[in-house]
1. Could you pull out the residue among Gly84, Gly70, Gly158 that is outside any strand (DSSP E or B), buried (at least 19 other Cβ atoms within 10 Å of the Cβ) and not hydrophobic (A, V, I, L, M, F, W, C)?
2. Just checking, does region 120-134 include any residue being within 13 Å of the chain's Cα centre (by Cα), without any contact (Cβ under 8 Å) to a residue 40 or more places away in the chain and within 14 Å of Ala51 (Cα to Cα)?
3. Consider region 46-86. How many of its residues are of a type outside the set (S, T, N, Q) and more than 18 Å from Asn131 (Cα to Cα)?
4. Out of the residues in region 33-65 meeting the condition of being more than 14 Å from the chain's Cα centre (by Cα), closer than 20 Å to Gly158 by Cβ and in a helix (DSSP H, G or I), tell me which one is modelled with the lowest pLDDT.
5. State which residue is modelled with the lowest pLDDT when the search covers only region 94-130 and only residues that are open to solvent by 40 Å² or more (accessible area, probe 1.4 Å), closer than 16 Å to Lys71 by Cβ and part of a strand (DSSP E or B).
6. Considering Ile3, Ile25, which residue is assigned to a loop (DSSP other than H, G, I, E, B), modelled with pLDDT under 65, on the phi < 0 side of the Ramachandran plot and not small (Gly, Ala, Ser)?
7. Is one or more of the residues making up region 133-155 open to solvent by 40 Å² or more (accessible area, probe 1.4 Å), assigned to a loop (DSSP other than H, G, I, E, B) and either farther than 21 Å from Ala43 by Cα or of a type in the set (D, E, K, R) (or both)?
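The values are calculated or read from the model by the stated rules, or taken from the named source; none is laboratory data. Keep in mind it's a predicted model, so treat the numbers as computed, not measured. So basically every Cβ, Gly included, is an ideal-geometry build from the backbone, and we count neighbours across all protein chains shown. Note: accessible area is taken over every heavy atom of the protein model, side chains too, but ligands, DNA and RNA are not part of it. Shrake-Rupley method; radii C 1.70, N 1.55, O 1.52, S 1.80 Å.
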Amino acid sequence: MNIVLSHSRFLRPTCIFAAACALAILLSGCQSMGTEELVSSSAPPEISGPAASAIAGDMVSRLAEQIGPGKATVGLKTDTSPFGQALEAALKGWGYAVVTDQKTDSGATVIPLAYVILDVDGQLLARLSTNSIELGRAYSVTASGATPASALSLMRRG
């Protein structure tokens with residue numbers, strides 16, 4: 001039995017599909033976040049004020065360990081969620097200048113900061129991202145606030 005593989009009805013669509021998948025994988029690796037743009041930040045609106053404050057305070061203190069307390073201007077997207085407001089207050093409490101329109105008068109370097117808060121299996125997963133570092137931690141929410149439920153995850157870029 002002599003089967004020519006190049007003329008097989010099944011093999012040709014499979015090869016085309018495999019080539020398309022390989023190309024998609026290669027191209028997805030070429031995407032990167034621009035250095036001047038912030039990604040959209042998000043947090044569920046049902047986070048209580050005390051929990052948002054506790055998470056923001058802890059995450060900003062860990063961010064300060066990495067970039068130095070109060071030595072930079074931080075750029076945030078405008079947000080009216082409880083966590084967005086708590087994060088801005090925590091940053092200011094640590095001495096950071098916070099801009100929400102991504103423009104500064106003094107020509108200072110602005111560190112873009114984005115965050116994501118996700119509800120996963122009854123815990124909140126918090127992530128802060130800049131162009132050079134990313135911090136993540138899980139929190140257990142209580143009536144009086146939130147407490148860390150995992151170790152801090154730190155990733156440095158470049």
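1. Gly84
2. There is at least one residue in region 120-134 that is within 13 Å of the chain's Cα centre (by Cα), without any contact (Cβ under 8 Å) to a residue 40 or more places away in the chain and within 14 Å of Ala51 (Cα to Cα).
3. The number of residues fulfilling the criteria is 16.
4. Residue satisfying both the conditions and the ranking: Glu65.
5. Val110
6. Just a single option satisfies the conditions, and that option is Ile3.
7. Within region 133-155, none of the residues are open to solvent by 40 Å² or more (accessible area, probe 1.4 Å), assigned to a loop (DSSP other than H, G, I, E, B) and either farther than 21 Å from Ala43 by Cα or of a type in the set (D, E, K, R) (or both).
This table checks each residue for (1) over 12 Å from Leu63 (Cβ atoms); (2) touching an Asp or Glu at 6+ places or on another chain (Cβ under 8 Å).
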| residue | (1), (2) |
| --- | --- |
| Phe83 | yes, no |
| Ala86 | yes, no |
| Ala90 | no, no |
| Ser129 | no, no |
| Ile133 | no, no |
| Gly136 | no, no |
| Gly145 | yes, no |
| Pro148 | yes, yes |
| Leu152 | no, no |
